[in-house]
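Everything on this sheet refers to the single structure shown next.
No lab work stands behind these numbers, since they all come straight from the coordinates. Treat the numbers as computed from the prediction; the structure is a model and nothing was measured. A quick note on method: Cβ atoms are made from the backbone with ideal geometry, for glycine too, and the neighbour counts reach across all protein chains shown.
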Amino acid sequence: MAPWDLALEHADSDGIGQGDAGRMHAVDEKTMTMVRAVLEYAQQRMSYDSPPLDHPMRPSDLQRLAPNTITGHGMGGIRALHLFEDVIAPACLSSDHPMYLSFIPSAPTEASKAFDLVVSASALYGGSWLEGSGAVHLENQVLAFLAHEFGLPQQAGGVFVQGGTIGNLSALVAARETARRQRRDSGQAMPERWSIVCGEESHSSIRSAARVMDADVIVVPSDDSGRLQGERVRQTLAELSPEKRDGIAAIVACAGTTNFGLIDDLEGCAQVAHEEGVWFHVDGAYGLAGCLVPELRSHYKGVESADSVIVDPHKWLFAPYDACALIYRDPEQGRLAHQQHASYLETLDTDQAWNPSDYAINLTRRPRGLPLWFSLAAYGADEYRHAIATAVRLAQRISEEIRLRPQLELLRKPELSVVVFRHEGWKIKDYELWSQSLLDRQIAFVQPSFFQGEPVVRFAIINPRTTFDQLVMVLDTMDKGFDGAGSAS
Ligand SMILES: *Cc1c(COP(=O)(O)O)cnc(C)c1O
């Protein structure tokens, strides 16, 4: 019997309206057995210092091993859990494995993972103050902590959204709405097209946001080091037609490019945005976490001038998927752009309460900032500074090791924790075979990447459990002991 059937049964026998219907009934034993089994599984998974790396499976194999799992009568929770444990979990890469080095890995703290379960267990609603005041209060403390770290003014605020893509889109929509409003208010004509200015190395989500907004993208070439410089932005804008220049809704700089982990010239870009009177957005999904490390703070000079910033806790702030902190310098600009209006929502807006849904393109939301809050509250911010700095040091150390190996070439000195290099003479096929062999042997997940059309290897280091020796071992496999790559056997 499903739990809601039980509840109804009790409600009937007790008689709704006789004072008992709203009281908590203990959930039946069978259901609790299932709940305990699920929690035990979660507990066991959290106890692994190094979980199995695992590997992707072919659709046909999954279809064979896990066919038609949804039936009329249900298979029962325990069986479904076993199916997950035996078949499905091994078919999902462990992005928190210390040797998961591709894309941007994830390394949630035990505290944040455990508390994520609490957020679900408590059915917390994080869209409005009315429904989730306590949760919203704590999420706002985390946002205020981050805003302070970035040097934003005290009234800065925002919301945790699903990821950097939604964060960037929400910020850029707010930028355009603000530009529109300013024009309307001052009686100026609207431009024919709006556009977003960003660097060559900006993340694909900026282009995606522009597409959703039906705005154009103006791409500014990077300097030789791969960074966006304010001076180049100024030059690019100077070459635009007055109409085009008039329609700029935002200038976007990146605080930690995904490919190389480079921080753009934030100060210079902020200056140009200021001169032009346009919104300045900093995309720091991966790299802005580095701002918490005192020795790195100077690399981020200029972020304090941003009109909006994003940083993903699920990347370098050690929280589980999925969360992006979106922070506005003046949250009112976010609210004016995003607040939804409907008759059933009006009661939420009576006493000027802080409703997180008002600050992004979302309505219903879980308070996904709470796992980060719990972890920050439990361990303290210094643990975070330390863990982030550890990855930066490791990136520098392994770069030195790469430099010492004649057959390897380091492409750029890492600024944060991304290390990109290539092996002399290797073609894409060599990289692919090597990468596949590492995964087959469950040693590491390192996907080949591309730089200026050439295949390269990229280590993205996030996990404090990743060690120098493990990385050296991966470098060693490039020269010996892996099957396949002709040039290396
Ligand atoms: C990862 C990333 C994004 C996108 O964030 P998601 O959370 O994956 O949506 C945007 N910008 C940068 C710089 C990133 O590294």
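So what is the calculated 222 nm ellipticity per residue for the chain, using -39500 (n - 2.57) for each DSSP H run with n of 4 or more, over all residues, to the nearest 500 deg cm²/dmol? Provide the component values of the computation, followed by the final result.
Details: 17 runs with 204 residues, N = 489.
Calculated mean residue ellipticity at 222 nm is -13000 deg cm²/dmol.
Assuming 0.890 mPa s and 25 °C, estimate D for the range 153-289 with Stokes-Einstein, Rh taken as the Kirkwood radius over Cα pairs, in µm²/s. Walk me through the numbers on the way to the answer.
Numbers: Rh = 15.1 Å.
Using the Kirkwood radius from Cα pairs, D works out to 162 µm²/s.
Among residues other than A91 whose Cβ falls under 11 Å from its Cβ, what is the net charge (Lys/Arg +1, Asp/Glu -1)?
Neighbourhood net charge equals -2.
Cα centroids of the range 25-60 and the range 117-191: how far apart, whole angstrom?
That distance is 33 Å.
Compute the Cα gyration tensor for the range 231-353, then decide on rounded, prolate or oblate, letting a ≥ b ≥ c be the square roots of its eigenvalues: rounded whenever a/c is under 1.5, prolate when a/b is larger than b/c in the other cases, and oblate in all that remain.
It comes out oblate by the Cα gyration axes.
Show me the ranking of peptides 393-405, 44-56 by mean Cβ neighbours inside 10 Å, starting with the highest. Display every interim value, and only then the final one.
Details: 393-405: 16.3, 44-56: 12.9.
Per-residue Cβ counts within 10 Å, averaged per peptide and sorted highest first, yield 393-405, 44-56.
Let me make sure I get this right: for the range 274-324, a, b and c are the square roots of the gyration tensor eigenvalues over alpha carbons, sorted descending. Under 1.5 in a/c it's rounded, otherwise prolate if a/b > b/c, else oblate. Which is it?
Cα axes put the range 274-324 in the oblate bin.
I need to check one value: relative contact order of the range 115-379, counting alpha carbon pairs closer than 8 Å and at least 6 residues apart, in percent.
Rounded, it is 30 percent for the range 115-379.
Roughly what would the spin-label model give for K413 and E200, points 7 Å off Cα along C-beta, in nm?
Label-label distance for K413 and E200, simple model: 2.1 nm.
So what's the projected area for the range 85-139, the Cα convex hull averaged over all directions, in nm²?
In nm², the orientation-averaged hull projection of the range 85-139 is 5.7.
Rounded, prolate or oblate: pick one for the range 132-200, where a ≥ b ≥ c are the square roots of the eigenvalues of its C-alpha gyration tensor, a/c under 1.5 means rounded, and failing that, prolate if a/b is larger than b/c, else oblate.
Verdict is prolate for the range 132-200.
Put a dot 7 Å past each Cα toward the Cβ at H137 and E275; how far apart are the dots in nm?
Using points 7 Å along Cα→Cβ, the separation is 4.7 nm.
Order the peptides 255-267, 211-223, 142-154 from the highest to the lowest mean number of other Cβ atoms within 10 Å of their residues.
Sorting 255-267, 211-223, 142-154 by mean packing, highest first, produces 255-267, 142-154, 211-223.
For the pair A144/M46, report the inter-label distance in nm, with labels modelled 7 Å from Cα in the Cβ direction.
So the label points at A144 and M46 sit 2.7 nm apart.
Could you please tell me the mean projected area of the C-alpha convex hull for the chain, averaged over all directions and given in square nanometres to one decimal?
Dividing the Cα hull surface by four gives the mean projection, 27.7 nm².
Would you please give the FRET efficiency between D382 and A353, computed as 1/(1 + (r/R0)^6) with r the Cβ-Cβ distance and R0 = 25 Å, to the nearest 0.05?
Given R0 = 25 Å and the Cβ-Cβ separation, E is 0.15.
Principal axis lengths of the range 108-233 from Cα atoms, whole Å, largest first?
48, 42, 28
Remind me, relative contact order of the chain in percent, using alpha carbon pairs under 8 angstrom and six or more residues apart?
Values: 858 pairs, mean separation 92.0, N = 489.
For the chain, the relative contact order is 19 percent.
Can you give me the Kirkwood hydrodynamic radius for the range 115-379, using every pair of distinct Cα atoms, in Å to one decimal?
18.6 Å
Within 15 Å, Cβ to Cβ, of Q333, how many net charges do the neighbouring residues add up to if Lys/Arg are +1 and Asp/Glu are -1?
So the surrounding residues net to +1.
What number comes out for the charge environment of M46, summing +1 per Lys or Arg and -1 per Asp or Glu over other residues with Cβ under 12 Å away?
Result for the local shell: -3.
Estimate the FRET efficiency between R403 and H55 by the formula 1/(1 + (r/R0)^6), using the beta-carbon distance for r and 30 Å for R0, to the nearest 0.05. Provide the component values of the computation, followed by the final result.
On the way: r = 32 Å, r/R0 = 1.06.
Taking R0 as 30 Å, the efficiency between R403 and H55 is 0.40.
So what does log10 I(q)/I(0) come out to for the range 38-133 at q = 0.13 Å⁻¹, using the Debye formula with one equal point on every Cα and no solvent?
Debye curve over Cα of the range 38-133, log10 I(q)/I(0) at q = 0.13 Å⁻¹: -0.66.
With charges only on Cβ, +1 for K and R and -1 for D and E, what is the dipole size of the range 382-477 about its Cα centre, in debye, rounded to 20?
Details: 13 positive and 13 negative charges, 26 e Å.
Charge dipole, the range 382-477, about its Cα centre: 120 debye, nearest 20.
Please report the spacing between the Cα centers of the range 81-107 and the range 446-468 in Å, no decimals.
Each part's Cα centre sits 18 Å from the other's.
After finding the eigenvalues of the alpha carbon gyration tensor for the range 375-489, what semi-axes result from the square roots of 5 times each, listed largest first in whole Å?
Values for the range 375-489, descending: 28, 15, 12 Å.
I'd like the distance between the alpha-carbon centres of the range 377-437 and the range 241-257, rounded to an integer number of Å.
If we compute the Cα centre of each part, the gap is 32 Å.
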